[in-house]
1. Taking the 0 to 90 degree range and rounding to the nearest ten, how far is the long axis of helix 121-142 tilted relative to the main principal axis of the chain, both from C-alpha atoms?
2. What is the extension gain from Ala130 to Asp37, computed as 0.36 nm multiplied by their sequence separation minus the C-alpha to C-alpha distance, in nm to one decimal?
3. Of all the accessible heavy-atom surface of region 11-145, with the other protein chains kept in place and a 1.4 Å probe, what percent is carbon and sulfur?
4. Within a Cβ distance under 12 Å of Ala34, other residues only, what is the Lys/Arg minus Asp/Glu net charge?
5. For region 30-84 and region 1-19, what is the separation of their Cα centres, given in Å?
6. May I ask you to list the GluC sites (Glu not before Pro) in region 1-97 that are in a DSSP loop and have at most 11 other Cβ atoms within 10 Å of their Cβ?
7. Pop a pseudo-label 7 angstrom from the Cα along the beta-carbon direction at both Lys76 and His96 and give the gap in nm to one decimal.
8. Give me the percent relative contact order of region 1-135, please, defined on Cα pairs under 8 angstrom at least 6 residues apart.
Amino acid sequence: MSLNPPSRETPLTPDFELDEDYESLVMDTCQLLAETDCRFHVAGFGQDPWPVDLSYDLSSVMEQLPEAMASLGDGKPARIDFYGQGVERLVTFAPHDGQVVITCTTETGWTPDPGTETVSSEEARAMLAALAHDFRRALDLVCPDIAAVQPFAHW
């Protein structure tokens with residue numbers, strides 16, 4: 001998973017309140033990012049790229065990201081559900097002996113091949129941290145006021 005922030009500063013004025021709950025703020029923010037040339041890319045398990053978009057799929061990932069980062073940071077299993085219609089994939093992260101076994105299951109006709117991939121614990125945590133960091137960078141370019149809101153400000 002990766003996010004390419006907008007190629008240039010593209011200030012947009014949000015039409016929502018910055019004190020919304022986290023999930024609503026992420027949904028509204030991803031709608032703003034979709035108005036730019038920002039790109040969300042997901043690949044793996046035999047498919048590059050996955051059929052994901054900014055406004056819905058990135059939003060669903062970002063809603064789950066803080067919990068997934070915290071779980072992996074504590075050496076516990078994590079999951080990210082790409083529940084959008086047409087994607088419908090569950091990615092689970094299972095730490096084991098300094099490695100993380102990443103498994104992809106799906107409810108569609110597509111079959112992951114391979115169904116599991118293994119990376120180091122550091123690489124798994126770094127991938128999620130990089131996604132958070134790039135999301136923050138994208139917000140800095142589109143709406144710095146949102147970038148200053150927690151938890152984005154720490155990313």
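1. So the inclination is approximately 20 degrees.
2. Details: separation 93, 0.36 × 93 = 33.48 nm, distance 1.87 nm.
Length gained, Ala130 through Asp37: 31.6 nm.
3. Result for region 11-145: 48 percent of the exposed heavy-atom area is carbon or sulfur.
4. Numbers: positive: Arg39; negative: Asp28, Glu35, Asp37, Asp53, Asp57.
The answer is -4.
5. So the two Cα centres are separated by 16 Å.
6. Glu9, Glu17
7. Label-label distance for Lys76 and His96, simple model: 2.0 nm.
8. Numbers: 215 pairs, mean separation 30.0, N = 135.
It rounds to 22 percent for region 1-135.
The values are calculated or read from the model by the stated rules, or taken from the named source; none is laboratory data. None of the values given here were measured: they were computed from a predicted structure. We place every Cβ from the backbone using ideal geometry, glycine too, and count neighbours over all the protein chains shown. All accessible areas refer to the heavy atoms of the entire protein, side chains included, with ligands and DNA or RNA removed. Shrake-Rupley method; radii C 1.70, N 1.55, O 1.52, S 1.80 Å.
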